[in-house]
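Below is one structure, written out as structure tokens, with a few remarks after it.
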Amino acid sequence: MSLRIVVTVKYVPDATGDRHFADDLTVDRDDVDGLLSELDEYAVEQALQIAENADDAEVTVLTVGPEDAKDALRKALSMGADKAIHVEDDDLHGTDAIGTSLVLAKAIEKAGYDVVISGMASTDGTMGIVPALVAERLGVPQVTLLSEIAIEDGKVTGRRDGDAASEQLEASLPAVVSVTDQSGEARYPSFKGIMAAKKKPVESWDLSDLDIEAEEVGLEGAFTKVEAANERPARTAGTIVKDEGEGGKQLAEFLAGQKFI
Amino acid sequence: MAEVLVYVDHVDGAVRKPTLEVLTLARRIGEPVAVALGAGAAATAATLAEHGAVKVLTNEAAELADYLVVPKVDALQAAYDTVSAGGSLAAVLLPTSADSKEIAARLALRIGSGIITDAIDVEAGADGPVATQSVFAASFTTRSVVSKGTPVITVKPNSAPVEAAPAAGAVEELPVTFSALATGTRIVSRTPRQSTGRPELTEAAIVVSGGRGVNGAENFGIIEALADELGAAVGASRAAVDAGWYPHTNQVGQTGKSVSPQLYIANGISGAIQHRAGMQTSKTIVAVNKDPEAPIFELADYGVVGDLFQVVPQLTEEIKTRKG
Ligand SMILES: Cc1cc2nc3c(=O)[nH]c(=O)nc-3n(C[C@H](O)[C@H](O)[C@H](O)COP(=O)(O)OP(=O)(O)OC[C@H]3O[C@@H](n4cnc5c(N)ncnc54)[C@H](O)[C@@H]3O)c2cc1C
Ligand SMILES: Nc1ncnc2c1ncn2[C@@H]1O[C@H](COP(=O)(O)O)[C@@H](O)[C@H]1O
């Protein structure tokens, strides 16, 4: 039987662009170029490697996001994923992590899955909690923050490098997995891949397809509220000296003045 | 007075500093009730009492150590049920870590609450606690509230001072019934990280970091020598980590540790946005880089344009001399 892999990918504003907030204090997604979150490329890569090593596997990439989020799906398809699902609905604007996990979980169930692979965190929200939330909702094991992953005989195993220890984990499928940027370089789409991606199927679902009410998501459904967002004042220009042989000593003088030594 | 649940991060009974900082913040909102789980939990009580815990709920079941995340969610939920049944629970606070964010998220979902992660400050507000966060690689500061349920908030290390505030800290065994999913993900083996004898990266008052400019694992010795002279932790950029010069556990930045020390010294680091994301909230920033155009200088309170192989050893020597 075919191994069904669903990879969750997010479309995010480019971190090297000038990111800011819109008037309703949601992340402004209009004025900054977006792209497939770099940390989700690692999830796509691991999914493709697992599929390549399996007898029979299918990789579906799934995103919840605005129309432009199709770009993220396209990129994942050109890397080698087989098909894509785009959940898009005007009522989704302003959805928080809890709401996003609801939409993802319903979509994953509808798509059918043996393993879900996510990134370690989105590069805009950087919460790193959606995979745990999706696992909780689906009621399957969470095997998260893996820097090494293998799937064999209906089991997922992997290494989680934590603060205090490095842990070897094991769970049976179905499961929700997330991988870190230590899991291995993501491949670049080849020209052939880019051409092939144009013909791969992209399904579009809205909230009614998933039996989700508008009140459950969006700004209205959010469990948290941003009350203020202020640009951090630019750091006041510091003292920059050129080392003419005494740079280390000058620096020591500065640190002494600041009472660090 | 309202109560606040505080999740305790400890290693075999030794409470890690960020938990004590969270106790400081918790006391602004209510009376801290600590929840300590796993082997050594009961041993945390004295330290927690000293820093304001009125009660310490403990459970040392084997499941907590043998399976990932979910048993801790079950236990924290049991604590939530107990305390919220008894009156007014104002919030659940946790020191931010990879584990605690996932625990917090699943708890929030179960109890129908909102979650805020990586707060750098928490204050009492008219409609419950107000959390300050630093977002978009620290270029913005936001203030947020949880609008549904009992707020669940994780707090970054170095967000508050550690304060003595003696309280009863009475130890109570917390009964926990583990859910069917608790044993879903087995921790087959655990290799504890070797201690370097240096301060914990996220907790350190001073961090000395090296980047691609350090140019080799063997040269990290000069970064370590400076760090040791200052009693600092050692950090590294991803470029240095990817090159295999320093362990990933020391990486500072978006996909490494986020640090907020009193002093951050960046050596041979250009200051890419992903690196800045992990260090931009440091109080004082110092940079040594031979390229005067390096973006790190935009953040620096003091910068030396020069060769780190000259500047850093001279600085280390000078500190030694001054200390006499
Ligand atoms: C999704 C994603 C996540 C990332 N996460 C992180 C992260 O967590 N942490 C992180 O650090 N990066 C991260 N990065 C990488 C980041 O974009 C940069 O590539 C990285 O920070 C560069 O490291 P560096 O400054 O050491 O190297 P470089 O950018 O190559 O800079 C080296 C600097 O050293 C200087 N130098 C060289 N020789 C000397 C000398 N002898 N004396 C003095 N100065 C010298 C040079 O002038 C230069 O400025 C991430 C990237 C992506 C896409
Ligand atoms: N809107 C979304 N659509 C698809 N996947 C998402 C979305 N938001 C988060 N994810 C997934 O969850 C991971 C963690 O995201 P976060 O908890 O927001 O940091 C990401 O790396 C993605 O794999």
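In this structure, the pairs whose alpha-carbon distance is over 28 Å, taken from A:LYS225/B:LYS55; A:LYS10/A:LYS110; A:LYS259/B:LYS101, are A:LYS225/B:LYS55; A:LYS259/B:LYS101.
Legend: ranking of residues B:SER84, B:SER159 from fewest to most surrounding C-beta atoms inside 10 Å; resulting order B:SER84, B:SER159. For region B:3-183, the Cβ-based charge dipole about the Cα centre amounts to some 460 debye (Lys, Arg positive; Asp, Glu negative; other atoms uncharged). For region B:76-83, 3J(HN,Hα) computed residue by residue from phi via the Karplus equation (6.51, -1.76, 1.60; θ = phi - 60°) reads 5, 5, 4, 5, 4, 4, 4, 6 Hz, glycine and proline entered as x. Taking the Cα centre of the protein assembly as shown as the origin and placing charges on Cβ (Lys, Arg +1; Asp, Glu -1), which of B:ALA26, B:ASN158, A:LEU3 is farthest toward the positive end of the dipole? After comparing all options, I get B:ASN158.
Between A:GLU185 and A:ASP14, the C-beta separation translates, for a Förster distance of 25 Å, into a calculated FRET efficiency of about 0.80.
Once the chain from B:SER88 to B:ALA217 is taken as fully extended at 0.36 nm per residue, the excess over their C-alpha distance is 41.0 nm.
Look at the alpha carbon pairs under 8 Å that are at least 6 residues apart: their mean separation over the length of region B:86-191 gives a relative contact order of 29 percent. When the Cα positions of B:THR142, B:ALA225, A:LEU36 are compared along the charge dipole of the protein assembly as shown, B:ALA225 comes out farthest toward the positive end, with charges on each C-beta of Lys, Arg, Asp and Glu. From least to most packed, judged by other beta carbons within 10 angstrom and beginning with the fewest, A:MET195, A:MET79, A:MET127 follow the order A:MET195, A:MET127, A:MET79. Note on A:GLU220 and B:ASP81: the model spin-label points, each 7 Å out from Cα along the C-beta direction, lie 3.4 nm apart. Residues in region A:210-223 carry Karplus couplings, in order, of 10, 6, 10, 7, 4, 5, 6, 10, x, 4, 5, x, 5, 8 Hz; the curve used is 6.51 cos²θ - 1.76 cosθ + 1.60 with θ = phi - 60°, and Gly or Pro positions show x.
Each DSSP beta bridge with both residues in chain B is either parallel or antiparallel, and the antiparallel ones are about 20%. Taking the DSSP beta bridges with both ends in the protein assembly as shown, the antiparallel portion is around 35 percent. Taking all pairs of distinct Cα atoms, average 1/r, flip it, and tell me the Kirkwood hydrodynamic radius of the protein assembly as shown in Å to one decimal place. That comes to 24.7 Å for the protein assembly as shown. Working value for region B:206-323: equivalent-ellipsoid semi-axes of 19, 16, 14 Å, each the square root of 5 times a Cα gyration tensor eigenvalue, largest first.
Its relative contact order, with pairs defined as Cα atoms under 8 Å and 6+ residues apart, puts chain A at 23 percent. Annotation: amide H-H contacts under 5 Å for B:ALA2 (H modelled 1.01 Å from N, sequence separation of 5 or more, or interchain): B:GLU31. Size descriptor for chain A, Kirkwood hydrodynamic radius: 20.1 Å (Cα pairs only, one decimal).
Relative to the longest principal axis of the Cα atoms of chain B, the long axis of helix B:220-230 lies at roughly 70 degrees.
Considering only B:VAL304, B:HIS10, B:GLN314, and ranking their Cα positions along the charge dipole of chain B that arises from unit charges at the beta-carbon of Lys, Arg, Asp and Glu, the one farthest toward the positive end is B:VAL304. Taking other Cβ atoms within 10 Å as a rough exposure proxy, A:THR236, B:THR196 sort from fewest to most as A:THR236, B:THR196. Scalar couplings 3J(HN,Hα) for region B:284-292, obtained by applying the Karplus form with A = 6.51, B = -1.76, C = 1.60 to θ = phi - 60°, are 10, 10, 10, 10, 10, 7, 7, 9, x Hz; x denotes Gly and Pro. If you plug the beta carbon distance of A:VAL241 and B:ALA205 into 1/(1 + (r/R0)^6) with R0 = 22 Å, you get a FRET efficiency near 0.35. Using Cβ point charges alone (K and R +1, D and E -1), the dipole size of the protein assembly as shown about the Cα centre works out to roughly 1180 debye. With axes computed from alpha carbons, what is the tilt in degrees of helix B:98-111 against the longest principal axis of chain B, rounded to the nearest 10 within 0 to 90? Between the helix axis and the principal axis of chain B, the angle is about 30 degrees. If both residues of a DSSP beta bridge must be in region B:3-183, then about 30% of such bridges are antiparallel.
Here, each number is a calculation from the coordinates, and none is a lab measurement. Treat the numbers as computed from the prediction; the structure is a model and nothing was measured. Heads up, the Cβs are rebuilt from the backbone with ideal geometry, glycines too, and the neighbour counts pull from every protein chain shown.
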